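In what follows, a single structure is set out as structure tokens and then discussed.
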Amino acid sequence: MNHWLIKSEPDVFSIQDLEKVEQEPWSGVRNYQARNFMWRDMKPGDLALFYHSNAKPPGISGVAKVASASYPDPTQFDKKSEYYDPKATEEKPRWYLVDFEHIATFNELLPLQALKDDPILSEMLVCQKGTRLSITPVDKKHFTRALKLAGTKI
DNA sequence: GCCAACGTTGGC
DNA sequence: GCCAACGTTGGC
């Protein structure tokens, strides 16, 4: 099983939103590296840290689970969508996504600063300067450590 | 609001 | 295929 970190701006879609809807298609990813992770590497049952970016403060807010195989992101075909891609066709889709299912919401956000202050978690990609990828692979040891610091068991 | 980092676009 | 210009991300 692989572990991941997925970023979302809480103003747009937060862990609380995911908790409400229970499951959500991760649409709108328009970066090839992030797409490849979803399309090629994510498997149903994989677990992801849910990270709030552009938040005050930013940090990990909970855990989600990959709940589907990958399939074409329908918003790429929708002319009314802000994620519409004129170069994508139904025959040759460009963008793929998976569904995520809510697993846990942390009692308290695990802030980015706490990740940076931790000798183990500070190795994570999200702590490195200039890492803008919205989906990154995470070592199991980092995933486990984050849950421990958050005081959450799943 | 600033700005560093970095991905994408398009002219050549 | 190079690379400058441009746009976006996201912490601060």
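Every read-out reported here was derived from the displayed coordinates using simple, explicitly stated rules and does not represent laboratory data. All of these numbers come straight from a predicted model, not from anything done at the bench. Note that each Cβ is placed from the backbone with ideal geometry, even for glycine, and that neighbours are counted across all protein chains shown.
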- Note on the structure: Projecting the Cα atoms of A:Phe106, A:Leu147, A:Gln33 onto the charge dipole of segment A:3-148, where Lys and Arg contribute +1 and Asp and Glu -1 at Cβ, the residue farthest towards the positive end is A:Gln33
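Give the residue list of GluC sites (Glu not before Pro) in segment A:54-154 that are DSSP loop and have at most 14 other beta-carbon atoms within 10 angstrom.
When the GluC sites (Glu not before Pro) of segment A:54-154 are filtered for loop state and at most 14 Cβ neighbours within 10 Å, A:Glu82, A:Glu90, A:Glu91 remain.
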- Distance between modelled label sites at A:Ser53 and A:Thr89, nm, 7 Å Cα→Cβ extension: 3.2
- Residue-averaged [θ]222 nm for chain A, counting only DSSP H segments that reach four residues, each worth -39500 (n - 2.57): -5000 deg cm²/dmol
- Using all C-alpha to C-alpha distances in segment A:3-148, build P(r) with 5 Å bins and read off the rounded percent in each one. 2, 10, 19, 23, 20, 14, 7, 3, 1, 0
- Using a simple charge model, +1 on the beta-carbon of Lys and Arg, -1 on the beta-carbon of Asp and Glu, nothing else, what dipole does chain A show about its Cα centre, in debye to the nearest 20? 460
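Counting other C-beta atoms within 10 Å, and keeping those with at most 12, which DSSP coil trypsin sites (Lys or Arg not before Pro) do you find in segment A:63-154? Can you show the working numbers first?
Details: sites: A:Lys65, A:Lys79, A:Lys80, A:Lys87, A:Arg94, A:Lys116, A:Lys129, A:Arg132, A:Lys140, A:Lys141, A:Arg145, A:Lys148, A:Lys153; in loops: A:Lys79, A:Lys80, A:Lys87, A:Arg94, A:Lys129, A:Arg132, A:Lys153.
Answer by residue number: A:Lys79, A:Lys80, A:Lys87, A:Lys129, A:Arg132, A:Lys153.
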- Item | Simple label model, 7 Å out from Cα along Cβ direction - A:Gln16 to A:Ser81, nm | 2.7
